[in-house]
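For reference, the structure discussed in these notes is given below.
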C-alpha cells in the first residue's frame, strides 16, 4: 500500500512538471486529474496510530497528545472528521469533541464521553481514540452510514494531566450536574444542547481495590463490566422503558458474548454492611442529566485493576482499553440495530400530565437480600457475600406538570443557575397576576430524604417586577422543574446554600402555574 502511494505521488509530480508543455485545456484537465487523485489518496489514507499505542502502552496519553491526535485524525479524513471546542477546563485546556459523519441527514446521533475522572480513569478516553481510528478507516467505518458519532475523549483534561480523579479545583465533575459549578461539567451540558444526541454513553472505570473502605474489611470488588441507564422515574417514560427492557439486556448479552462478563450496574460497594442499589437516581450525574433532555443514556463501567499488581503493560492499560473497546463496539452495534426504535422515542420529551418528583431506593420485600461475589484481598479467591437488596425504586409526590414556574425571590442567583443549564426564562419588567399552586413545607430539605409538603393551595398571586417566568417546554423544562422543586432529590434546594432560603411554614417562592401542560 505504501509503495503504491509513493508511486502515485511520483506520477503526480511528473504530471505537474509537464503541465507547462500542454495546451491550456489539456493542462486544466491534467490538473483536475491530479487533484482528484490527491483527494482520493487523502480520503483513503490510513488513520494515524493513537498516542497510547504509539507510546507502546508505557504511559497514559497526556492532554496535548490527545489534542494533537484529534488534529491528525481530521487531517487524515477531512470529509468525515471535524473537531469543535465545547469548553475549557479550569486551567484553560480545551475540551474537544470529534464529530464523525458522512454529511447525510437522518443519522442517529451518538455522543460518547470518556475520562470524566481524569487521570484516575483514563481508559475510556484512550479507547475513544482507538474507536475514532476504526470509525474513520477500520472495521467500524460502515456504522457511519447510519450513525453520526460524536466523541469527547478528554472530558477532564486537568485531571488527566494532574493524575487525579477530580478537576484542578478538586471537584468531582461527575456529581456537579445540579449546581454546574465547574467549567468541565458546563462544557458537557453545552455539548448536549449543541449536538442534541439521541444516545449518550458515559464511559468510566471503577477500582476493584478501595484502600480506604472495602479493603479495610479484607475485600476487593469483583466485576468486569457494568451497564446502567438513565434511571430516575421522572425521566421520559418511553425512552426509559426502551432502555431498561430492550437495550440493556441485549447489551449485557452482547458484551458477555464478546468475552467480557457484564451485569447491570451495582452502585459503589464500600462496605459489606451496606445495601446495594443501581447507583444515583438524581441529576447530579451526567447519565441522568443527559436523559432529562430526552436522550437514551447509558453508563458503562469496566474494571480498574489494582495498580500494585504486575502487568504486561503500564498498569494494565492495554487490557483496560480493550475492555472499553469491546463495550464501545457493543453499544454502537446495538444502537445501530435499534436505530428506528430509538429515533421514534427520543428527542425533546413531551411533558407528562403528572410527574413524580421524589425518587429513592427501598428494600425489596420479594428479594430482601442479594448475594454478590467479592474477592479476598489476601488470597484473591472469590467469596459470596450477602447484602441487603435496596434496588427497588420508589417514587412519590406526584404533581400536575405545570406549563411554567415563577420565581419571586433570590432571582439573580437562580437566573445564573438557569443560565448555566441553558434553560429559557424571561425577567418580568412589570408586575403581573398569575394563577398558581403555592406550596408550604414544615422543614428544610436534606440531601436525599423525602420532603413532606405541609400544604398546597391554588390561588392568584401578584408577581413583582424582576420575577422569573420559566417556560417548561422541552428540552429544558423537565430539568428546570427537577432543579427548582425542593421535593425532587435533584433540587438545588437540597444544597445548604440554597436550602437556607426555604422558610418552613411560609409560602415557597417558586410557584407552579395552575394551568397544567400545554
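Just so you know, all these numbers are worked out from the coordinates, no wet-lab data involved. The shown structure was predicted, so the numbers you read here are calculated from the model rather than taken from an experiment. Every residue, glycine as well, gets a Cβ built from its backbone with ideal geometry; the counts of neighbours run over all protein chains shown.
According to the square roots a ≥ b ≥ c of the eigenvalues of the Cα gyration tensor, what is the shape class of the range 237-364, taking rounded for a/c under 1.5, prolate for a/b larger than b/c otherwise, and oblate for the remainder? Oblate, since a/c reaches 1.5 and b/c is not below a/b. One way to sum up the overall shape of the range 401-513 is the equivalent ellipsoid from its Cα gyration tensor, whose semi-axes run 20, 17, 13 Å, largest first.
Checking the a/c ratio against 1.5 first, then a/b against b/c, what shape does the Cα gyration tensor give for the range 66-348? Note, shape of the range 66-348 comes out rounded. Taking all Cα pairs closer than 8 Å and separated by 6 or more residues, the relative contact order of the range 401-513 comes to 41 percent. The range 170-216 and the range 314-357 have Cα centres spaced 16 Å apart. Put in line by how crowded their Cβ is, counting other Cβ atoms within 10 Å and starting with the fewest, 311, 286 read 311, 286. Residues 184, 506, arranged from fewest to most other Cβ atoms within 10 angstrom of their Cβ, appear as 506, 184.
Would you mind estimating how fast the range 177-280 diffuses translationally, via Stokes-Einstein at 4 °C and 1.567 mPa s with the Kirkwood radius over Cα pairs, in µm²/s? Diffusion coefficient, whole number: 80 µm²/s. State whether the chain is rounded, prolate or oblate according to the following rule on the C-alpha gyration tensor (a ≥ b ≥ c being the square roots of its eigenvalues): a/c under 1.5 gives rounded; otherwise a/b larger than b/c gives prolate, and the remaining case gives oblate. Oblate, since a/c reaches 1.5 and b/c is not below a/b. Going from the fewest other Cβ atoms within 10 Å to the most, the residues 203, 144 appear in the order 144, 203. Normalised by the number of residues in the chain, the average gap of Cα pairs under 8 Å and 6 or more apart makes the relative contact order 12 percent. For the pair the range 472-516 / the range 420-452, the C-alpha centres are spaced 4 Å from each other.
Ranked by the mean number of other Cβ atoms within 10 Å of their residues, highest first, the peptides 376-387, 252-263 come out as 252-263, 376-387. Helices in the chain, meaning DSSP H runs of at least 4 residues, each add -39500 (n - 2.57). Divided by all residues, the mean residue ellipticity at 222 nm is -9500 deg cm²/dmol.
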